[in-house]
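Here is the structure we will look at, set down as structure tokens.
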Amino acid sequence: YCDHTLERFRDWLKVRHKDLDGLNRAWRSRYADWSEVAPEFGRTGRGATSLDVHWGYFMDNIQIARVLQVRADAIRAADPMKRPVFAHKAGAAVGSGQDWAYARASDFVGASAYPAWNPFHGWDDRTVRDGEPDRRDSLVAEAWSSLALGFDSIRSSNVPDSPVWASEFQGGPVSDGFHLGRIPSPADIRRWMLTAAASGVTAISFWVTRAEIAASEGNGFSLLDSEGDTSARLEEAGRVGRALNRYPDLFAHPTTPQAPVAIVVDEWNHQLASGLGRPGEHHAYSVRGWHRLLWDAGIEVDFVNLGRWDELRASHYGALILPFPISLSEEKAARLAKYVESGGHLISEACPGRYSKNAFARRGELSAAMRNLFGVKHTGYALVREPEGTPHHWTPDARTWSELAPSLLMEGEGPLAGHRLRAQVCLETYESMDSTVTLRVGGQVAGVTRTAGMGQAWLVGTLLGHSGTAHREPETTACVLAMLAKCGVKPARPGRLLLRKRVGVSREAWFFTNPTDAAITEAVNVRDAEVDDLLDLPFLRDSSTVHLTVEPLDVRVLIVER
């Protein structure tokens, strides 16, 4: 809140709004002088006024990015070798657009990876025995939440064809003062490194070699113990690292192909939702859950930033997922509509454009462009209770009678006939104007699809992403996969092994993940290519088929050369 930062904030607003009258019209305010435009200095935190949203956006995207830019420029000016300069983050800001700004303030961004530190969100489904999460639930969460999700987001935020650094990688037990975590096994190290590589990581820098001596992290995190010159985990890190380094054309360069589907993030939506409190947590959780739904299905996924549309080849994505777009400007809604009209498929959750970019409620409770795109009129909205007999994570206490709807299942019809999915958090209902009904609840329309130009738009009146991680049900997953199939998006391959790829000029790396607690053997069609196992493990081969066995909760990599 220093005078210099406030001056820069006002200068930025002057560019956006031209003059004080323009700002007052947009914000419905009555400032008499620019010196009066200042953020709240109290301790209540950010709210959801126009001023709050703009201040949050400015600090998180403009000011921090400016500081990074100045630092990067200073480093470049002092470096005769003109090496790349990158910024390191503790972790991806999943659901936000901030990392895109930081990546462009330097050459690229990298992030920490401590898979065993906090792999669960408090709302996630998990089995707890004797006060500890189930082993399989934990190891899957470490691989998915702490690695695949974060690095898919970081990779997507970088300028295309940029490196992706796991710039602080867990090598030993998490140590948080007096609480020492489990010592990673060689299998943990292997699973973590290969999962990171499958998400596009081009470099892994372990933290640390010898055990930490600082009291707050004492005897933690390292590939070595506090004494001794080797360990089982260090040996495995070296083995996997040497194997990856044999193929620098695949792993040391950005070789992750564009995914068939992308999750849309928008920083203005993130800022408003965060200012509203719980909606901000729901937005981030829905983004996270959508990624889990796709990861579980073996569907590769990117993230795209709606605020940087000009940088995208959005038409190349078979489908875009729009989680909880509670704030959406008409300009950005028009971009999405154009994407659909050009042949794309858009799947939106409830409340598209309920609030404007300047944090005001819209009459009609939906963006006008979204009403036209989906062919609906808003008819109702209510919070929905979580299923009976399950832990309640987010259901609020009712303030009065008949305020919360009971737990509900949405019944599919038309293109989703025979399917059902659970309403999560809220239920928004519609009147179908010129769209096809896909979901109903008690006779009310809760989902539609509409053809627009050469593409199709789908609207689901709930926060469907939550079903990826909380109150998980097979029929909801089946409904999501049916919807994606209608959009032309299907898993990379049939079977229970999950497949991700890195694609070079003449060869590819195929990552097979077994997320179950039993070994899986499946036939893999390699179309007469030359095939090697990255870690020189055995496999059976006949003609154009490899019979591959992946041990429980493990990852195997085939190098396929044509």
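The values are calculated or read from the model by the stated rules, or taken from the named source; none is laboratory data. What you see is a predicted model, and the numbers here were worked out from it, not measured in a lab. Quick reminder, even Gly has a Cβ in these numbers, built from the backbone with ideal geometry, and neighbours come from all protein chains shown. SASA here: full protein model, heavy atoms, side chains in, ligands and nucleic acids out. Shrake-Rupley method; radii C 1.70, N 1.55, O 1.52, S 1.80 Å.
So the values come out like this:
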item	result
Residue list for region 237-284, filter: without any contact (Cβ under 8 Å) to a residue 24 or more places away in the chain and polar (S, T, N, Q)	Asn245
Residue in region 397-423 that is modelled with the highest pLDDT, counting only those that are on the phi < 0 side of the Ramachandran plot and out of contact with any strand residue (DSSP E or B) (no Cβ under 7 Å at 6 or more places or on another chain)	Ala417
Selection from region 156-172 of residues that are farther than 16 Å from Leu234 by Cα, in contact with a strand residue (DSSP E or B) (Cβ under 6 Å, 6 or more places away or on another chain) and open to solvent by less than 60 Å² (accessible area, probe 1.4 Å)	Ser156, Asn158, Ser162, Pro163, Ala166, Ser167
Wholly enclosed helices (runs of 4 or more DSSP H) of region 111-202 bearing at least 1 residues of a type in the set (S, T, N, Q) and farther than 30 Å from Pro391 by Cβ	150-157
Sole residue being under 20 Å from the mean Cα position of the chain (by Cα), among the charged types (D, E, K, R) and closer than 30 Å to Ser29 by Cβ, chosen from Arg354, Arg308, Arg363	Arg308
Candidate set from region 204-238 (those that are open to solvent by less than 70 Å² (accessible area, probe 1.4 Å) and of a type in the set (S, T, N, Q)); member that is farthest from Ala90 (Cα to Cα)	Ser231
Complete set of residues in region 5-34 that are closer than 19 Å to Ser329 by Cα, open to solvent by less than 40 Å² (accessible area, probe 1.4 Å) and free of Cβ contacts under 8 Å to residues at least 24 places away in the same chain	His17, Gly22, Leu23, Asn24
Qualifying positions in region 336-355 - open to solvent by less than 10 Å² (accessible area, probe 1.4 Å) and in a loop (DSSP other than H, G, I, E, B)	Gly344, Glu349, Ala350, Cys351, Pro352, Gly353
Pairs, first over 12 Å from Phe9 (Cα atoms) in region 35-54, second modelled with pLDDT of 90 or more and not in a helix (DSSP H, G or I), C-beta under 7 Å, six or more apart	Ala48/Leu276; Ala48/Ala359; Thr49/Ala359; Ser50/Asn358; Ser50/Ala359; Val53/Ala359
Region 439-475, residues that are more than 16 Å from Ala297 (Cα to Cα), of a type in the set (Lys, Arg) and in contact (Cβ under 8 Å) with a residue 40 or more places away in the chain	Arg450
Tally of residues being among the hydroxyl-bearing types (Ser, Thr, Tyr), over 20 Å from the mean Cα position of the chain (by Cα) and in a helix (DSSP H, G or I) across region 241-295	0
Residue count, region 290-318 (criterion: out of contact with any Phe, Trp or Tyr (no Cβ under 9 Å at 6 or more places or on another chain) and small (Gly, Ala, Ser))	3
Count - residues of region 208-254 that are in contact with a strand residue (DSSP E or B) (Cβ under 7 Å, 6 or more places away or on another chain) and within 12 Å of Ser175 (Cα to Cα)	6
Top-ranked residue of region 356-392 - restricted to ones that are farther than 16 Å from Cys426 by Cβ and among the small types (Gly, Ala, Ser), ranked as most open to solvent (accessible area, probe 1.4 Å)	Gly389
Test: residue in region 383-391 that is modelled with pLDDT of 95 or more, aliphatic (A, V, I, L, M) and in a loop (DSSP other than H, G, I, E, B)	no
Residue within region 64-80 that is among the small types (Gly, Ala, Ser), in contact with an Asp or Glu (Cβ under 8 Å, 6 or more places away or on another chain), surrounded by 14 or more Cβ atoms within 10 Å (Cβ to Cβ) and modelled with pLDDT of 95 or more present	yes
Where Gly42 falls short, out of the listed (1) of a type outside the set (A, V, I, L, M); (2) closer than 14 Å to Ala359 by Cβ; (3) open to solvent by 30 Å² or more (accessible area, probe 1.4 Å); (4) at pLDDT below 95	(2)
All positions within region 213-230 that are without any contact (Cβ under 8 Å) to a residue 40 or more places away in the chain and at negative phi	Ile213, Ala214, Ala215, Ser226, Glu227, Asp229, Thr230
Which numbered condition Ser543 misses (of (1) at positive phi; (2) in contact with a Ser or Thr (Cβ under 8 Å, 6 or more places away or on another chain))	(2)
Considering residues of region 313-335 that are closer than 17 Å to Val489 by Cβ and in a helix (DSSP H, G or I) only, the residue least open to solvent (accessible area, probe 1.4 Å)	Ala314
Hey, Asp310 acidic (Asp, Glu), free of Cβ contacts under 8 Å to residues at least 12 places away in the same chain and either assigned to a helix (DSSP H, G or I) or buried (at least 24 other Cβ atoms within 10 Å of the Cβ) (or both) or not	yes
Hits in region 532-562 - residues which are part of a loop (DSSP other than H, G, I, E, B) and hydrophobic (A, V, I, L, M, F, W, C)	Leu534, Leu535, Leu537, Phe539, Leu553
Residue in region 173-203 that is farthest from Ala243 (Cα to Cα), counting only those that are surrounded by 16 or more Cβ atoms within 10 Å (Cβ to Cβ), without any contact (Cβ under 8 Å) to a residue 60 or more places away in the chain and in contact with a helix residue (DSSP H, G or I) (Cβ under 8 Å, 6 or more places away or on another chain)	Ser175
Qualifying residue in region 93-107 (condition: in a strand (DSSP E or B) and either of a type in the set (Ser, Thr, Tyr) or in contact with a His (Cβ under 7 Å, 6 or more places away or on another chain) (or both))	no
